[in-house]
Amino acid sequence: MHKKRIARLILIIGIISIVSFITTDQCLSEMFKDYIYQPGTLKPLDSMPKLKIGDQAPDFTLPSISGEKISLSQHLGKKNVVISFVPAAWTPVCSDQWPGYNLVKNIFDKYDAILLGITVDNIPTLYAWTFPMGKLWFPVLSDFWPHGAVAERYGVLRSNGVSERALFVIDKKGIIRYIDVHNINKRPRLEDLVEELEKLK
Amino acid sequence: MKKITILLVVTIFLFSGLVVFAANEPPKEGGMLPDIKLSVPNSPEEKTYLGLKGNGSFTIPQIKANVVIIEIFSMYCPYCQKEAPIVNELYNAIEKNPDLKGKIKIIGIGAGNTPFEVDTFKKTYDIPFPLFPDEDFSIHKVCGEVRTPFFIVIKINKKGTHQVIYSELGTIKNAEDFLKLIRKRSGLK
């Protein structure tokens, strides 16, 4: 009986250790090394879509880390808008995703587009998390209160209160032209977004 | 019988753990590179720089050089972004020195980066040496899933064998000092 229990324990430990080896840690940057909470591999998607291509993008107003409030509607008729939802601060993958976008302002400029980065974190957390990324050229918005309301309206709020890793491309008329609710564990390829921006021309 | 089963289970798990650990180690100084295959670049300038011909794949010790500096980076990594001008400076210091030009070559491997992302990084920082994408993290995996930026330097011997003379995480800090260190360790005058 006792031995059986030991054998089972060993089996469980073995399986856990193997599973933990399989999960790939994609948050490679040395900058965030000890700060990133490792949730392991998550359920790729955990929300129901509420919007589709061709829909009018729901308007919102959210506070940003720079202090000003940003509305989607203020860009209407002027700029194409890319919304990047990332699950939460201090999580893998996304801690690298925005520094990548920070490098390619010229690509967004080329397509007359701006980027709005949104998470469900509060402003102080977002401030602390994005601070070491250097000066970000795009606004970072807090969808903290009422919690995840914008994510919810866009159909990307997960059951545990964080958002999906999702990209929305909205044209100057406010129409949704592209939706990528991505596998939360993976980073969207930059060229896929660029291809969609190219279609807006 | 039970004892044997337990022993077997323990052995299998210990062994599988060991194999995974061994595969996950970054290259060690004094040791050799893992088996890394890269695609021969299309650009004639890059081909000339690396001393490669044709298409297909090549391994790093096939590069025509005495010393190869390998940077594992990511377009998405802020420290790699900060490092880019320093590595460019290193490249320029090598190319300007007649004793070193042609003997020390630099390549970058973009961990988890697509060809487009690697190209974006190259254009943004005007990087003069070849960069290779590693979209599926396969090279990154055999290199011990290191954080970025990570630098590996190998010395290629006359017989075509090689050894790792530098393998460290983080910035090289200063191009001149790093070059001095590499010259010392490789014995390149």
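Among the candidates A:Asp25, A:Asp109, the residue that is under 24 Å from A:Glu191 (Cβ atoms), out of contact with any Phe, Trp or Tyr (no Cβ under 9 Å at 6 or more places or on another chain) and either modelled with pLDDT under 85 or in a strand (DSSP E or B) (or both) is uniquely A:Asp25. In region B:173-188, the residues that are part of a helix (DSSP H, G or I) reach residues that are surrounded by fewer than 11 Cβ atoms within 10 Å (Cβ to Cβ) and of a type in the set (Lys, Arg) with C-beta atoms within less than 9 angstrom, at least six apart or across chains, in these pairs: B:Arg183/B:Lys189. Looking for whichever is within 13 Å of chain A (Cβ to nearest Cβ), over 22 Å from A:Pro132 (Cα atoms) and within 16 Å of the chain's Cα centre (by Cα) here; the options are B:Phe178, B:Phe137, B:Phe116, B:Phe73. Which one fits? Just a single option satisfies the conditions, and that option is B:Phe137.
Is it the case that B:Phe73 is under 17 Å from B:Ile36 (Cα atoms), in contact (Cβ under 8 Å) with a residue 40 or more places away in the chain, touching an Asp or Glu at 6+ places or on another chain (Cβ under 6 Å) and among the hydrophobic types (A, V, I, L, M, F, W, C)?
no
Right, B:Ile154: over 13 Å from B:Leu38 (Cβ atoms), more than 13 Å from chain A (Cβ to nearest Cβ) and out of contact with any His (no Cβ under 7 Å at 6 or more places or on another chain) or not? Criteria not met by B:Ile154. The set of residues in region A:54-72 that are of a type in the set (S, T, N, Q) and either in a loop (DSSP other than H, G, I, E, B) or modelled with pLDDT under 95 (or both) contains only A:Ser66. Kindly indicate whether any position in region A:32-50 is at pLDDT below 95, under 26 Å from A:Asn160 (Cα atoms) and at the interface with chain B (Cβ under 10 Å from one of its Cβ atoms). Looking through region A:32-50, at least one residue is at pLDDT below 95, under 26 Å from A:Asn160 (Cα atoms) and at the interface with chain B (Cβ under 10 Å from one of its Cβ atoms). Out of A:Ser73, A:Ser66, A:Ser95, one residue alone is closer than 19 Å to A:Asp180 by Cα and polar (S, T, N, Q). It is A:Ser95.
Scanning region A:165-192 for residues that are under 15 Å from A:Val82 (Cα atoms) and assigned to a loop (DSSP other than H, G, I, E, B) returns A:Asp171, A:Lys172, A:Lys173, A:Gly174, A:Pro188, A:Arg189. None of A:Trp90, A:Trp98, A:Trp137 is surrounded by fewer than 23 Cβ atoms within 10 Å (Cβ to Cβ), within 14 Å of another protein chain (Cβ to nearest Cβ) and part of a loop (DSSP other than H, G, I, E, B) except A:Trp137. Could we say that A:Val150 is more than 14 Å from chain B (Cβ to nearest Cβ), part of a helix (DSSP H, G or I), over 20 Å from B:Glu117 (Cα atoms) and of a type in the set (A, V, I, L, M) here? Answer is yes for this residue.
Of all residues in region B:127-148, those that are more than 20 Å from A:Gly100 (Cβ to Cβ) have Cβ atoms under 8 Å from Cβ atoms of residues that are of a type in the set (Lys, Arg), 6 or more apart or on another chain, in B:Phe129/B:Lys105.
Confirm whether B:Phe58 is touching a helix residue (DSSP H, G or I) at 6+ places or on another chain (Cβ under 6 Å), within 30 Å of B:Asp99 (Cα to Cα), modelled with pLDDT of 95 or more and not hydroxyl-bearing (Ser, Thr, Tyr).
no
Scanning region A:30-87 for residues that are within 21 Å of A:Phe144 (Cβ to Cβ), free of Cβ contacts under 8 Å to residues at least 24 places away in the same chain and basic (Lys, Arg) yields a single hit, A:Lys69.
Applying the condition of being among the polar types (S, T, N, Q) and part of a helix (DSSP H, G or I) to region B:107-164 and asking which residue is surrounded by the most Cβ atoms within 10 Å (Cβ to Cβ) yields B:Thr120. Residue count for region B:114-167 satisfying the condition of being closer than 22 Å to A:Lys105 by Cβ and among the aromatic types (Phe, Trp, Tyr): 3.
Condition check ((1) in contact with a Lys or Arg (Cβ under 6 Å, 6 or more places away or on another chain); (2) surrounded by fewer than 18 Cβ atoms within 10 Å (Cβ to Cβ); (3) under 23 Å from A:Lys43 (Cβ atoms)) across all residues:
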| residue | (1), (2), (3) |
| --- | --- |
| A:Val156 | no, no, yes |
| A:Asn160 | no, yes, yes |
| A:Leu167 | no, no, yes |
| A:Asp180 | no, yes, yes |
| A:Leu190 | no, no, no |
| A:Glu195 | no, yes, no |
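Of the residues A:Lys186, A:Lys201, the single one that is closer than 23 Å to A:Leu103 by Cα, within 14 Å of chain B (Cβ to nearest Cβ) and at pLDDT below 95 is A:Lys186. Scanning region A:104-135 for residues that are closer than 21 Å to A:Lys78 by Cα and either touching a strand residue (DSSP E or B) at 6+ places or on another chain (Cβ under 9 Å) or aliphatic (A, V, I, L, M) (or both) turns up A:Val104, A:Lys105, A:Ile107, A:Phe108, A:Tyr111, A:Asp112, A:Ala113, A:Ile114, A:Leu115, A:Leu116, A:Gly117, A:Ile118.
Across region A:52-80, which residue is farthest from A:Lys105 (Cα to Cα) among those that are among the polar types (S, T, N, Q) and in contact with a Ser or Thr (Cβ under 6 Å, 6 or more places away or on another chain)?
Of all residues in region A:52-80, those among the polar types (S, T, N, Q) come to A:56, A:61, A:64, A:66, A:71, A:73-74, A:80.
Going one step further and asking which of them are in contact with a Ser or Thr (Cβ under 6 Å, 6 or more places away or on another chain), we end up with A:61, A:71.
On the way: A:Thr61: 23, A:Ser71: 20 Å.
Filtering region A:52-80 for residues that are among the polar types (S, T, N, Q) and in contact with a Ser or Thr (Cβ under 6 Å, 6 or more places away or on another chain), the one farthest from A:Lys105 (Cα to Cα) comes out as A:Thr61.
The values are calculated or read from the model by the stated rules, or taken from the named source; none is laboratory data. Everything numeric in this text was worked out from a predicted model, so none of it was measured. Note that each Cβ is placed from the backbone with ideal geometry, even for glycine, and that neighbours are counted across all protein chains shown.
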